[in-house]
Structures are given as structure tokens and as C-alpha cells.
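Take a look at the structure below.
The values are calculated or read from the model by the stated rules, or taken from the named source; none is laboratory data. Remember, it's a predicted structure, so these values are computed and weren't measured experimentally. For neighbour counting, all protein chains shown are included, and Cβ atoms are generated from backbone atoms with ideal geometry for every residue, glycine included. Areas reflect the complete protein model, heavy atoms only, side chains present, ligands, DNA and RNA absent. Shrake-Rupley method; radii C 1.70, N 1.55, O 1.52, S 1.80 Å.
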Amino acid sequence: MKNIGILGASGSVGTQGLDIIRQYPDTYKLVSFSVGKNLELANKIIEEFRPDICCVQDKEDIDKIQSSSIKVVYGNDGLMEIAAYVKNDMLLNSIMGSVGLKPTVHAIKHGIDIALANKETLVVAGEIIMQLAREYNVNIIPVDSEHSAIFQCLNGEDHKHIEKLIITASGGSFRELSREALKDVTVQDALKHPNWSMGKKITIDSATMMNKGLEVIEARWLFDMPIDKIETLLHKQSIIHSMVEFNDTSVIAQLGTPDMRMPILYAFSYPDRLARKAERLNLAEVGQLDFKAMDFDRYRCLKLAYDAISIGGTMPVVMNAVNEVVVQQFLDGEIGFLDIETIIEREMNTHDVIQSPDLETILEIDAQYKSRKYEV
């Protein structure tokens with residue numbers, strides 16, 4: 001039996017993580033979890049899974065947890081307690097945003113393996129996180145389908161033979177639209193992803209291609225790969241999740257249906273694989289797979305992400321923090337879709353980069369840029 005903790009149990013990845021635990025009750029047990037304000041779901045989770053401890057967002061919500069058999073904590077301190085809970089064998093970090101950074105560090109320092117779905121942890125502090133994981137002998141298993149694909153493709157391979165990593169991208173909600181047409185798109189249009197069912201923020205990031213940019217930065221740290229060896233490729237079917245090209249020209253790809261439960265299960269079960277009853281990939285029904293070179297003029301946010309990691313230091317912190325704010329402003333109807341990239345680029349151009357920042361500097365800059373409201 002492997003004990004699982006989940007940060008962000010009410011989100012898209014978190015609820016699918018619960019599905020995996022539900023499907024394998026003799027293999028996995030939920031022992032700790034956090035939610036934000038979704039107290040109704042929290043009470044359902046407690047009733048079904050009987051964990052030991054849960055974290056809610058606000059102190060006043062503690063009394064709304066109906067079970068007396070569970071310890072209830074709150075806020076950022078509560079997240080830290082969930083992350084390092086003594087019974088956790090693995091922590092699924094599926095919180096959105098850089099709030100997931102400190103709990104990841106805390107869990108690593110307590111020797112707990114990480115199933116990582118929180119992109120921002122590696123985007124803003126990848127070098128620090130991977131060094132800590134090596135120091136504490138902790139496994140960081142990626143949950144994003146693209147990184148899980150690369151992780152699987154590299155099983156048993158010598159990394160010195162890698163020629164490049166190829167991360168695929170569906171193109172998001174607006175992949176058929178010209179830049180001119182993007183000027184007038186609505187929030188409702190942006191939230192209609194053609195392949196995946198995800199939360200609002202990540203769906204908008206997919207439409208701007210910032211999500212793919214964050215994945216590129218993650219891959220740089222997860223696989224210790226120079227940025228010039230990480231490519232992106234448009235593949236609208238989302239069947240090939242990523243590929244690895246080797247120095248002998250061989251290319252290994254990982255394929256599957258667009259279902260996040262597969263990489264979650266793989267992270268939980270690694271290095272084993274568990275049989276799963278789910279939709280199987282039928283390539284005869286798919287018929288064909290399409291690929292297209294990435295257009296950085298069309299997808300400016302992806303180019304900004306490549307620029308940010310190439311510059312390094314605190315630049316990815318700024319890019320990520322501003323993106324979090326302006327995506328919410330777009331969702332709130334305060335700015336247009338193309339304003340997202342315009343504002344991010346402007347703030348990056350005016351930022352004085354600090355190279356090799358420590359964790360406190362990263363958190364200070366992150367908080368500084370997130371405290372602002374941006375205008376075009």
C-alpha cells in the first residue's frame with residue numbers, strides 16, 4: 001500500500017488523482033489533502049477516503065468540515081503540514097501557481113517523493129528544486145502528459161545519447177485562427193479546448209501557448225537539457241505526447257489517448273506499471289497524425305518563454321508571475337486576449353535580472369509582480 005498526499009485535490013489533476021486512488025483501493029490510500037474553498041468536495045473526500053488530515057484555505061472554514069475524525073489545518077502553513085505529513089509516501093502537487101513552490105521544497109526535505117503537476121515549481125526555481133531532490137535522494141516524477149512521455153521514452157537510455165527533446169502541442173482553442181482574428185476572441189471561446197478537459201487558467205495558457213512555454217522550461221530542469229535541445233511541434237490530435245531523438249537518428253515517441261489519469265497512474269506506480277481499464281488508443285480509428293512546425297510569430301508567449309529561460313535568473317519568475325495575473329484579468333474581462341502577451345513582454349523588457357537567485361529572492365520578486373494590476 002502506497003500512501004498518497006494531494007495538494008489541490010479540488011482541481012482538475014487533483015480530482016483525477018482521486019479517481020486513480022478510487023480505482024486501486026488495495027494499492028493506494030489517500031492520507032492527506034488540501035482544497036481551496038471547495039468545502040463541499042472536501043467533506044465528500046473525507047467521507048469516501050477517510051484521510052488523516054486536510055487543509056482548507058481560510059481559518060473560518062475549519063468549522064465547516066463535518067468530520068470530527070480528521071485533523072484540519074489552513075492556509076500556507078497548512079499546505080506545508082500536508083506536504084510533509086509523516087505518512088506520505090508520495091505527494092501529488094497539483095496546486096495552480098507558484099504557491100506550490102514552498103510545499104514542494106518542504107516535502108523534498110522530508111524525503112517524500114513528488115508526483116509533480118505544478119508547473120510553476122520548476123519554472124521559477126527549477127535549479128534549486130532539482131538540486132534539493134538530488135541532495136535528499138527524492139524522486140520527482142512528472143505528471144504533465146508531455147513530461148511523462150519524455151520520462152518514459154528515456155527509461156533505460158543513457159542521457160548522453162540524447163540529441164533533442166520534442167514536446168508536442170495541440171495548438172489550443174484558437175489553433176485555426178489568424179493573429180488578426182485573435183483580437184476579438186472571447187473568454188468563452190478561449191475556454192473551449194479541442195482535446196483536453198482542464199482548469200480555466202491552464203486552458204487559457206494553452207490558447208496563448210504559454211502552457212507549452214512553461215513545459216519547455218520544466219523540461220530544461222527535469223531532464224537537465226540545454227534549451228537549444230528542446231523543440232516544440234504542433235500536433236493537433238494530442239496522440240503523441242512527446243518524443244526523444246537520439247544521436248543515431250532514432251526517435252522514440254510515447255502515444256496515448258488524451259487522458260491525464262494515465263500519467264498520474266504512471267507517476268504513482270513507477271517504476272512498475274498497473275493494468276488499467278480505460279479507453280484504448282486505436283490508431284486505425286485515428287486514421288492519421290498531423291504535424292506542423294511551430295510559428296513563434298503566431299505564438300508569441302511561447303517565444304517569450306524560450307527567451308526567459310535563455311536569459312535565466314529571475315526572468316522566468318517575472319514571466320510566470322505576470323502571466324498569472326494577466327490571465328486572470330483576461331478571464332475577468334479587463335483586457336483582451338492579445339494583451340496578455342503584450343503586457344508580459346513589456347514587463348520582461350523592463351526587468352533587471354538577478355542571476356542565481358536564492359529561494360527568498362524568487363519569492364519576493366514573485367510576490368512583487370503578482371501584487372500589481374496591469375494595464376495595456
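Scanning segment 243-279 for residues that are among the basic types (Lys, Arg) and farther than 22 Å from Asp144 by Cβ returns a single hit, Lys277. Name the strands (runs of 3 or more DSSP E) wholly inside segment 74-169 in which the number of residues that are farther than 25 Å from Lys29 by Cα and open to solvent by 10 Å² or more (accessible area, probe 1.4 Å) is 1 or more. Correct list: 162-169. Scanning segment 118-134 for residues that are closer than 20 Å to Tyr85 by Cα and modelled with pLDDT of 95 or more returns Ile129, Leu132, Ala133. Screening Glu341 against (1) without any contact (Cβ under 8 Å) to a residue 60 or more places away in the chain; (2) surrounded by 15 or more Cβ atoms within 10 Å (Cβ to Cβ) leaves a single unmet condition, (1). Considering segment 257-275, and only residues there that are assigned to a helix (DSSP H, G or I) and open to solvent by 50 Å² or more (accessible area, probe 1.4 Å), the residue that is nearest to Ser94 (Cα to Cα) turns out to be Arg261.
Test Asp228 against the criterion of being modelled with pLDDT of 95 or more, assigned to a helix (DSSP H, G or I) and out of contact with any Pro (no Cβ under 9 Å at 6 or more places or on another chain), and give yes or no. It is true that Asp228 is modelled with pLDDT of 95 or more, assigned to a helix (DSSP H, G or I) and out of contact with any Pro (no Cβ under 9 Å at 6 or more places or on another chain). Of the residues in segment 33-49, at least one is crowded, with 18+ Cβ neighbours inside 10 Å and in a strand (DSSP E or B). How many residues does segment 344-365 hold that are in contact (Cβ under 8 Å) with a residue 12 or more places away in the chain, under 30 Å from Asp184 (Cα atoms) and in a helix (DSSP H, G or I)? Number satisfying all stated conditions: 4.
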